[in-house]
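Notes for the one structure printed next.
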Amino acid sequence: MKILVAIPTFENILPDTFRSVYNACHKYENADFEFVKGYDCARARNEIVKKAINSNYDYVLMVDSDVIIPANTLDKMLADPVDICTGVYPRKNTQSKETELFKIGPKDYVDRYTYDELQSDERFKIKGCGFGCILINVNVLRKLSYPWFKYVIYDGGAFLSEDLYFCSQARNAGYVIWADPDIRCGHSIRGFQYE
């Protein structure tokens with residue numbers, strides 16, 4: 001099994017992030033590291049997908065440049081692999097323990113889970129998520145079309161981020177997005193880590 005471990009970033013990877021990625025992935029002989037620098041996030045993620053497809057990887061693990069992942073992240077995700085699986089991490093600047101996991105329902109990406117709502121360690125289905133720590137089967141990417149990631153700006157100023165655009169495309173193609181609440185990540189520059 002070939003795994004592409006990739007960090008999209010405009011500038012640099014924080015040292016705590018790199019250390020966490022190394023600790024989670026170094027024992028996987030067929031895991032390669034990619035650092036896509038200098039693009040906006042949507043373009044960087046699209047470049048990562050192109051490499052994953054063109055180099056025949058089985059999975060791509062995307063980690064944001066400021067997210068700290070647990071050392072057992074890949075172990076847990078690959079123990080019972082699914083097409084799309086995310087870890088849990090806090091929303092930027094949250095004061096109410098909000099995560100980047102969105103609830104299934106009629107509202108478009110406004111109803112987030114909080115850490116207090118995650119009472120079980122069992123995986124569960126979600127509407128969408130941020131891509132701070134996510135494992136995707138490359139076959140999903142092969143079935144979806146370019147661009148896999150893009151920003152959408154609506155009349156009135158509302159927008160859809162590149163990661164939620166992907167989630168919408170994947171769900172429309174029939175894929176299920178899973179969240180693993182046992183994979184609790186942190187944000188390095190915010191000094192925020194749930195254990």
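Given the structure, is ASP116 under 19 Å from THR86 (Cα atoms), without any contact (Cβ under 8 Å) to a residue 40 or more places away in the chain and of a type in the set (Asp, Glu)?
On the way: under 19 Å from THR86 (Cα atoms): yes; without any contact (Cβ under 8 Å) to a residue 40 or more places away in the chain: yes; of a type in the set (Asp, Glu): yes.
Judged against the criteria, ASP116 is a match.
Considering each residue of region 111-127, count those that are assigned to a loop (DSSP other than H, G, I, E, B) and touching a Cys at 6+ places or on another chain (Cβ under 9 Å), and give that number. I'd like the intermediate steps shown before the answer.
Narrowing region 111-127 to residues assigned to a loop (DSSP other than H, G, I, E, B): 111, 118-123, 127.
Keeping just the survivors that are touching a Cys at 6+ places or on another chain (Cβ under 9 Å) gives 123, 127.
Summing the residues that are assigned to a loop (DSSP other than H, G, I, E, B) and touching a Cys at 6+ places or on another chain (Cβ under 9 Å) in region 111-127 gives 2.
State all residues of region 77-110 that are assigned to a loop (DSSP other than H, G, I, E, B), under 21 Å from TYR28 (Cβ atoms) and touching a residue at least 60 places away in the same chain (Cβ under 8 Å); if no residue qualifies, say none. Please lay out each step first, then the result.
Step one: list which residues in region 77-110 are assigned to a loop (DSSP other than H, G, I, E, B), which gives 80-83, 89, 91-97, 103-110.
Remaining after also requiring under 21 Å from TYR28 (Cβ atoms): 80-83.
Within region 77-110, VAL82, ASP83 qualify.
Go through (1) over 17 Å from the mean Cα position of the chain (by Cα); (2) part of a loop (DSSP other than H, G, I, E, B); (3) not small (Gly, Ala, Ser) one by one and return the number of the condition TYR175 breaks.
(1)
Among the residues of region 136-152, is any surrounded by 14 or more Cβ atoms within 10 Å (Cβ to Cβ), part of a strand (DSSP E or B) and under 15 Å from the mean Cα position of the chain (by Cα)?
yes
Within region 23-32, can one find any residue that is outside any loop (DSSP other than H, G, I, E, B), closer than 16 Å to ASP163 by Cα and free of Cβ contacts under 8 Å to residues at least 60 places away in the same chain?
The initial filter retains those residues of region 23-32 that are outside any loop (DSSP other than H, G, I, E, B), namely 23-25, 31-32.
Still in the running and closer than 16 Å to ASP163 by Cα: none.
So far as region 23-32 goes, no, none of its residues is outside any loop (DSSP other than H, G, I, E, B), closer than 16 Å to ASP163 by Cα and free of Cβ contacts under 8 Å to residues at least 60 places away in the same chain.
Could you list, in sequence order, the residues of region 1-11 that are out of contact with any Ser or Thr (no Cβ under 7 Å at 6 or more places or on another chain) and either surrounded by fewer than 16 Cβ atoms within 10 Å (Cβ to Cβ) or modelled with pLDDT under 95 (or both)?
Selection gives MET1, PRO8, PHE10, GLU11.
The values are calculated or read from the model by the stated rules, or taken from the named source; none is laboratory data. Predicted, not measured: the structure shown is a model, and the values here were computed from it. Don't worry about glycine lacking a Cβ; one is built from the backbone with ideal geometry, like all the others, and counts go over all protein chains shown.
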